[in-house]
Amino acid sequence: MDLAEVQRLVEQGEGTTLEFKKSTGELRAAMAALCGMLNAAGRGKVIFGVTDDGAVVGQEFAEKTLEEIANESRKLEPKAEVTTTRLDLPSGRTVVIVEARAAEPGPFTFDGRPYLRVGRTTQRMSRDEFDQRVADRLHARKPWDGWPAQGWTIEELDAAEIRSAVRDAVATKRLFAAPDEPPVQVLRRLDLLDGDRLTRAAVILFGENDRVTFPVGELRLARFAGTTKSEFLDNRQYDGNAFHLLDLAERFLRETVPVASRFVPGQMARIDIPRYPPLAVREALINGLIHRDYSVGGGALSLGIYDDRLEVTSTGPLPPGVTVEKLKGLHDSVPRNPLVATTFHRRGLIERWGRGTNKIIEECERAGCPAPDFEDTGLSVVVRFRPVAGARVGKAMSAGTARADRIMEILQRFGPLGPSAILDRLGEPLNLRSLQRDLRRLREAGRVGLEGSGSATRYGVRRGNRRLEGRSRHDRDTITTRRRDTSRRVATGSNRGVANPTQERPQQASEGRLEARIVQLLQQEGPLGARALLSRLGVSVAMRTLQKYLGRLRRGGEIVAIGGGRGTTYRAAQGRPGRGSGIAHESRTNRARMRDSGSRTTTTKKGKGPSRPVRPRPKPRTGR
């Protein structure tokens, strides 16, 4: 570099990659500026011997000046390529040029502090930006989902989900494996092991236990009243692995999104028009699970349904180099979690990387609805759908949803029922308030009638002027009798205080069905943990309640516990009569009869045996 080039740089002025200093007495400030230039542009220059007004005056130069520059440059981390050039002026003074180039990705620090060059100024880099740059650097070497999941073992993965993934991947011919291969071998084939340790991707895809210290996955589902978030009609939150969350989100869509139907002359079958294209929404959910930033604490995949739109939100911004405009055309795929994306691809849930958003747009066009809006808020990515043309529905359109159709089928089959009995037969994770809202809308649509009031309220199919209609006339007579004489325990003519052996109380019937379902699952799928059972029951049950049922089944000899502690699994007992057999039914009927007979019981201490009836003591004889 000669004097003419120095003059040209001085005329150019200070900027993102250029700084002037009067002398090396300002060496520390100059090195901080170089650090900021490395973080901003990967290169930069500092020229010593230039005054603030742009005059090239040089400085007194000594041999120790080069040593001081070298010592200060060693405080740059990670190491950068620093070169020092001296230019002697005719006046006998010297201009010193220090130039730095990044040898590897940043962020860079000087003397343990990060700096950032913004225009002509040097600023301290914020902690959040520094942490994000460190994460990006680590991801460039190894993706976030490829790092080991600390504290996780293979026993804490959902073995049934792993087997299901293998079957799907083999069926799509994207994985060659035997159906009975052990989980560790399957995980190795899917590149989900780092040596002998589970990767974070393995836990995201197949994790069974919820951990506070590691974000396995969270799903938030909501149906809002109106077009804002001010009022909820339905609000649910789930934790679990990615495949389980996808199933729950799709079930919520089937239950909540209304379907308009029309009939074409000359055709027997009706034509259903979903309010939103199912395949497009499913693709948006899969994209959200694959590209979500799982390193962000408190993040989630969210599905919000409003009166005028549907939104899928995934935590984390778009990857570097990807913009909202690029999503609408052909673009390269930059998966944030490549191992997670590869497993979804092998299972057949995605076809080709980089085609997800294009497929969403194509499905919307095929369904006749506007193209979705993509939005990057900086903290999350939102995909916003508008309704399909011709599928306009009002609030009462819930009567046309799949859940409403199941309610109607139950009422037609079993006759008038109370809300609790309907909820038991639905077999879905639904609260009583949501069911009552569906029943109210079915009444408004004229499909369901109501009989009785209070705890005796029953719902039935309504046709014409008849308020209730069902299969059993006996049930309607029972409702009327109960309403007229609430003091009687049963409405079939049984003696007061004695339950009818052919009828169980609703709570007992519900418990019996849950226990039968637990035994059936263990017989069909083999040993399962408590959380795996909870996810497969399809009913909203607290873990404490499930443990109560499991303990009762163990004491009854119908299931067997394997292992202990957090790794406990359960299997069906061999050689025991299944639920629904005559022995099991008779035993449960006897217990129900004992509870309803009015006899007093005493509860023994825990582990001392079952309760037994206590006969009343005889009154003492007085007088003669």
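The values are calculated or read from the model by the stated rules, or taken from the named source; none is laboratory data. The model shown is predicted, which means the values in this text are computed figures rather than measured ones. Here Cβ is always computed from backbone atoms with ideal geometry, including for glycine, and neighbour counts include all displayed protein chains. Note: areas computed on protein heavy atoms with side chains; ligands, DNA, RNA excluded. Shrake-Rupley method; radii C 1.70, N 1.55, O 1.52, S 1.80 Å.
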Scoring only Lys, Arg, Asp and Glu (+1, +1, -1, -1) among other residues with Cβ under 10 Å from the Cβ of Ile97 yields 0
Please list, in order, the residues from the range 151-169 whose amide nitrogen is less than 20 Å from a point placed 7 Å along the Cα→Cβ vector of Asp196. 151-157
Relative contact order in percent for the range 75-196 (Cα pairs under 8 Å, 6+ apart) equals 16 percent
What whole-number value in Å² describes the accessible area per residue of the range 77-205 for a 1.4 Å probe? 56 Å²
Rounded to the nearest 0.05, what FRET efficiency do Leu279 and Arg43 have when you use their Cβ-Cβ distance and R0 = 56 Å? 0.70
Given H placed 1.01 Å from N in the peptide plane, which residues other than close sequence neighbours of Gly217 have an amide H under 5 Å from its amide H? Gly240
What does the extension gain come out to for Glu451 and Leu66, with contour length at 0.36 nm per residue minus their alpha carbon separation? 128.9 nm
At R0 = 35 Å the Cβ-Cβ FRET efficiency linking Gln574 and Phe414, nearest 0.05, sits at 0.50
List the pairs from Lys45/Lys142; Lys229/Lys328; Lys45/Lys75; Lys21/Lys64; Lys173/Lys326; Lys21/Lys45 whose alpha-carbon separation is above 20 Å, in the order I gave them. Lys45/Lys142; Lys229/Lys328; Lys173/Lys326
Which stretch or stretches of the range 26-49 have amide N atoms under 15 Å from the point lying 7 Å from Glu5's Cα along the Cα→Cβ direction? 44-48
Through the Karplus equation 6.51 cos²θ - 1.76 cosθ + 1.60, θ set to phi - 60°, convert the phi angles of the range 95-103 into ³J(HN,Hα) values in whole Hz; use x for Gly and Pro. 9, 10, 10, 10, 10, 10, 9, 6, 8
Here the net charge surrounding Gly348, from other residues whose Cβ is less than 9 Å away from its Cβ (Lys, Arg +1; Asp, Glu -1), is +1
Accessible surface of the range 1-84, 1.4 Å probe, proportion on carbon and sulfur as whole %: 44 percent
Distance in nm between pseudo-label sites at Arg188 and Arg355 (7 Å out along the Cβ direction from Cα): 3.3 nm
Can you tell me the length gained on complete extension of the stretch Ser333 to Gln123, counting 0.36 nm per residue apart and subtracting the Cα distance? 72.2 nm
Using a Förster distance of 25 Å, how high is the FRET efficiency between Asp136 and Glu362, based on the Cβ-Cβ distance and rounded to 0.05? 0.20
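Quick one: net charge around Arg86, please, counting Lys, Arg +1 and Asp, Glu -1 for every other residue with C-beta under 15 Å from its C-beta.
Residues close to Arg86 contribute a combined charge of -4.
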Fully extended contour minus Cα-Cα distance, from Glu155 to Gln520, at 0.36 nm per residue: 129.1 nm
